[in-house]
1. Which of the residues belonging to segment 219-242 are without any contact (Cβ under 8 Å) to a residue 60 or more places away in the chain and either within 23 Å of I192 (Cα to Cα) or outside the structural domain of V255 (by TED's automatic domain parsing) (or both)?
2. Of all residues being among the aromatic types (F, W, Y) and either touching a strand residue (DSSP E or B) at 6+ places or on another chain (Cβ under 7 Å) or surrounded by fewer than 13 Cβ atoms within 10 Å (Cβ to Cβ) (or both) in segment 221-273, which is modelled with the highest pLDDT? Just the residue, please.
3. Which of the following residues is of a type in the set (G, A, S), assigned to a helix (DSSP H, G or I), buried (at least 18 other Cβ atoms within 10 Å of the Cβ) and in the same structural domain as L103 (by TED's automatic domain parsing): A25, A60?
4. Does V130 meet the test of being in the same structural domain as K158 (by TED's automatic domain parsing) and at pLDDT 85 or above?
5. Any residue at all in segment 110-122 that is crowded, with 16+ Cβ neighbours inside 10 Å, within 22 Å of the chain's Cα centre (by Cα) and either in contact (Cβ under 8 Å) with a residue 12 or more places away in the chain or more than 30 Å from I200 (Cβ to Cβ) (or both)?
6. Is it true that T80 is of a type in the set (S, T, Y), out of contact with any Gly (no Cβ under 6 Å at 6 or more places or on another chain) and surrounded by fewer than 18 Cβ atoms within 10 Å (Cβ to Cβ)?
7. Could you run through segment 188-204 and say how many residues are acidic (D, E) and surrounded by 13 or more Cβ atoms within 10 Å (Cβ to Cβ)?
8. So, in segment 201-220, exactly how many residues are at pLDDT 95 or above and assigned to a helix (DSSP H, G or I)?
Amino acid sequence: MSNADTLRQLHQDHLNNYNNQEQQAIELMGLLNKLYNKQDVQVTLFGETLDSTSVGQILALHQKVALRDHGAKAIDIADTLAMVEVISENADIQATRIDVGQLIANDTDLQTALQSINNAGAVNGATDVVLYGFGRIGRILTRLLLSQASSAKGLQLKAIVVRPAAAGDLAKRISLLERDSIHGRFLGGISIDDDNNGMIVNGRFVQVIYAKDPSEIDYTAYGIDNALVIDNTGIWKDEAGLGKHLQSTGVKKSVANSTCWRRYQKRRLWREQ
């Protein structure tokens, strides 16, 4: 066999091996989604969460083990898949994190490890989230929250709040969400729900609320309860200011986005000069 033929075969062997790993990663993604959505179980590899939406991230994390520790072997994705299959068959495991990397590296007996997990009282429910302000930071947060695999648990973006605007405002805001000059196009699906004054992003309905002041909103009228309000306006930063959000019915906690506050301060100082 000539040197050229040898190199061609080497290329094909690597390609076949990677294609096989990709198929295993796709199968693994399905199990990861099932564990998270039905059992609230998050699987990690040496502390890093296995992304249930990215084949490339899963394979890169497995290879990263060898790069992190010279002389260490990369964790074989086939071993991870086999271990996650066993975990997914155990319906008693609920609301926990399991590091399969540590289990594999330490040659831990999986059944013994699973029996040691105490799930008593472990319940991770859902938290309604409201984004108050929909500038660039608000849109980036929207992308982050709605790019994750759909789940009835964890942070649930239920609404965004913006100032009253003219007709066509909703379509304009969706267009800005879809296209960003720095972060590029949003790869998810977005559509307008004119009848309910909202948008549907990756299959999830997000209410758009128009208001001039936080205290005038009754979130429970929109089916939102005990919400976490993230203020992206930069106007309020102290307890008194953020307390305006707590006057709204349906709000449990409010936090300020510090990046927005710094930008607001810069704009104010520029105007005063």
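The values are calculated or read from the model by the stated rules, or taken from the named source; none is laboratory data. Keep in mind that this is a model prediction, so the values were computed, not measured. Glycine gets a Cβ as well: all are built from the backbone with ideal geometry, and neighbour counts include every protein chain shown.
1. If the condition is that a residue be without any contact (Cβ under 8 Å) to a residue 60 or more places away in the chain and either within 23 Å of I192 (Cα to Cα) or outside the structural domain of V255 (by TED's automatic domain parsing) (or both), then T220, A221 are the ones that fit.
2. Start the filter on segment 221-273 by keeping residues that are among the aromatic types (F, W, Y), which leaves 222, 236, 261, 264, 270.
Cutting the leftovers down to either touching a strand residue (DSSP E or B) at 6+ places or on another chain (Cβ under 7 Å) or surrounded by fewer than 13 Cβ atoms within 10 Å (Cβ to Cβ) (or both) gives us 222, 236, 270.
Working: Y222: 96, W236: 69, W270: 38.
The qualifying residue modelled with the highest pLDDT is Y222.
3. Working: A60 fails: buried (at least 18 other Cβ atoms within 10 Å of the Cβ).
It is A25.
4. On the way: in the same structural domain as K158 (by TED's automatic domain parsing): yes; at pLDDT 85 or above: yes.
Here the answer is yes, as V130 does meet what is asked.
5. Checked against the condition, which is being crowded, with 16+ Cβ neighbours inside 10 Å, within 22 Å of the chain's Cα centre (by Cα) and either in contact (Cβ under 8 Å) with a residue 12 or more places away in the chain or more than 30 Å from I200 (Cβ to Cβ) (or both), segment 110-122 yields no hits at all.
6. The answer is no for T80.
7. Taking segment 188-204 and keeping what is acidic (D, E), we get 193-195.
Of the ones still in play, those that are also surrounded by 13 or more Cβ atoms within 10 Å (Cβ to Cβ) are 193.
Counting residues in segment 188-204 that are acidic (D, E) and surrounded by 13 or more Cβ atoms within 10 Å (Cβ to Cβ) gives 1.
8. Matching residues across segment 201-220 total 2.
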